[in-house]
1. Restricting attention to segment 100-150, and to residues there that are within 20 Å of THR329 (Cα to Cα) and hydroxyl-bearing (Ser, Thr, Tyr), which single residue is modelled with the highest pLDDT?
2. I need the full set of residues from segment 170-183 which are in a loop (DSSP other than H, G, I, E, B) and either hydroxyl-bearing (Ser, Thr, Tyr) or closer than 19 Å to ASP198 by Cβ (or both), in order please.
3. Within the bounds of segment 176-188, is there any residue that is closer than 20 Å to VAL25 by Cα and of a type in the set (Gly, Ala, Ser)?
4. Within segment 144-153, how many residues are more than 17 Å from CYS76 (Cα to Cα), out of contact with any Leu (no Cβ under 9 Å at 6 or more places or on another chain) and in a loop (DSSP other than H, G, I, E, B)?
5. Across segment 123-143, which residue is most open to solvent (accessible area, probe 1.4 Å) among those that are assigned to a helix (DSSP H, G or I) and among the hydrophobic types (A, V, I, L, M, F, W, C)?
6. Of all the residues that make up segment 154-167, how many are closer than 25 Å to GLY67 by Cα, assigned to a helix (DSSP H, G or I) and open to solvent by 10 Å² or more (accessible area, probe 1.4 Å)?
7. For segment 149-172, give me the residue count where each residue is in contact (Cβ under 8 Å) with a residue 60 or more places away in the chain and not acidic (Asp, Glu).
Amino acid sequence: MPDGSSPVTRSSSASLPEIRHDWTVPEIQALLDLPFPELLFRAQATHRAHFDPTEMQISTLLSIKTGGCPEDCAYCPQSALHEKSVKAERLMAVDAVLTEARKAKDAGASRFCMGAAWRSPKDHDLETVCAMIEGVKDLGLETCVTLGMLDAGQAGKLREAGLDYYNHNLDTSPEYYGDIITTRTYQDRLDTLSNVRDAGINVCCGGIVGMGENETDRAGLIAALASLPAHPESVPINLLVRVKGTPLGESEEVDPLDFVRMIAAARISMPKSRVRLAAGREDMSDETQTLCFLAGANSIFYGERLLTTPNPQASRDRKLLDKLGMHTTGISV
C-alpha cells in the first residue's frame, strides 16, 4: 500500500462550524435530507479538516467469550433467549488470545478488540481480561474490550490494566430502543459510558442501522451520540447482519445510499471521532464502501470474522484500499 508520505491537502477549518454537543434530532434529520452531493461535500470538508482523507485505521475483533448471554438484544445470535443461538463457550485462555493478537498485528492491525457475551463481567473474569489487556499492550497494539455493563470500580480496574478503549453501543434512538432490547435500559448504557469516561478510558460507541427503525430513529441515534458530554473517540456504524433465528433475521435490507448518509451525518456531527465502517461490510459492494470512505469513514474491522458474523476477506480489503490509493495507520490517535 502507499506509505502515505505524499502531501495531502486538507481543507481549512475556518469556515467549518464549531464542535457541538447539543445536536437535535431535527438538525440531524436536516443533514440526512440534504441532496446527496451536498451532504458528501460537507462530510468530506469536515473530514479533511481533521484527518488525512487517504488514511484508514485498522482494528481486529475477537470473541473471547461467545454465546450464553442473558440479554435479549433482538439482533444478536449470542443471546441465550433466541430460538437459534450460538453455542455457549467459556472465556478463552490468555495465551490463546495473545496468539490471535500476534496474528492481527502481523496482518496490519493497530488495535485489537476483544468481546465477551456478558451482561456484566464477574470479578474473576475481569482479572483474566485485565491479563489479556496487559499482554496485548506488550505486543504494541492498542486495546479495546466490550464486556457489557460496568460499574465505576470495574472501569477503574480496566484502566489500571492499560485499556485504551471500551466499546458500549447505544444501538439505536432512545425512542426505538425498547423495541430492540428489554433487559437493560438506555440509561444503563449511558451510565456505563459515564463510568468508562470518568475512569479515563477512551469511548467506542455507535449503533446499528437496519433494525426496522424509521428515519427519525436514525437521526435520533446520531443526535444521541453527538450530544454525549464528549464525543466518542470511535463511532462504529453497523449495518445489521441478519441472522436467521433472531427476531431481526428477516428484516428488510437498507438502501446503500441511506447507509452512506448515516456515515456522513456521523462525520459532520462528530468531526474529530474515528467513524468506523463496522458490521455488514461483507454484503457491501466496493462502490458502497468507497462512498462510505468519501463520507468520512476512516476505520474498519480487518479480518475474516467479527464476533460471530462474517467479515470481508483481508485480501479483498487490501485490494480495495490499494485501488483507492489509501494507506493504513500505525497506532491510531
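The values are calculated or read from the model by the stated rules, or taken from the named source; none is laboratory data. This structure is a prediction, so every number in the text was calculated from the model and none was measured. Neighbour counts run over all protein chains shown; Cβ positions are idealised from the backbone, glycine included. Areas reflect the complete protein model, heavy atoms only, side chains present, ligands, DNA and RNA absent. Shrake-Rupley method; radii C 1.70, N 1.55, O 1.52, S 1.80 Å.
1. By that ranking, first place goes to THR143.
2. Residues of segment 170-183 in a loop (DSSP other than H, G, I, E, B): 170, 172-176, 180-183.
Scanning segment 170-183 gives LEU170, THR172, SER173, TYR176, THR182, THR183.
3. yes
4. Filtering segment 144-153 down to residues more than 17 Å from CYS76 (Cα to Cα) leaves 144-145, 150-153.
With out of contact with any Leu (no Cβ under 9 Å at 6 or more places or on another chain) added as a condition, the list becomes 151-153.
Restricting the remaining residues to those that are in a loop (DSSP other than H, G, I, E, B) gives 151.
So the answer is 1.
5. Step one: of segment 123-143, the residues assigned to a helix (DSSP H, G or I) are 123-138.
This time we only want the ones that are among the hydrophobic types (A, V, I, L, M, F, W, C), so: 126, 129-133, 136.
Numbers: LEU126: 3, VAL129: 0, CYS130: 18, ALA131: 39, MET132: 0, ILE133: 0, VAL136: 0 Å².
Restricting to residues being assigned to a helix (DSSP H, G or I) and among the hydrophobic types (A, V, I, L, M, F, W, C), the top hit is ALA131.
6. Qualifying residue count, segment 154-167: 2.
7. Filtering segment 149-172 for residues in contact (Cβ under 8 Å) with a residue 60 or more places away in the chain gives 165, 167, 169, 171.
Next, from what is left, pick out any that are not acidic (Asp, Glu): 165, 167, 169.
So the count comes out to 3.
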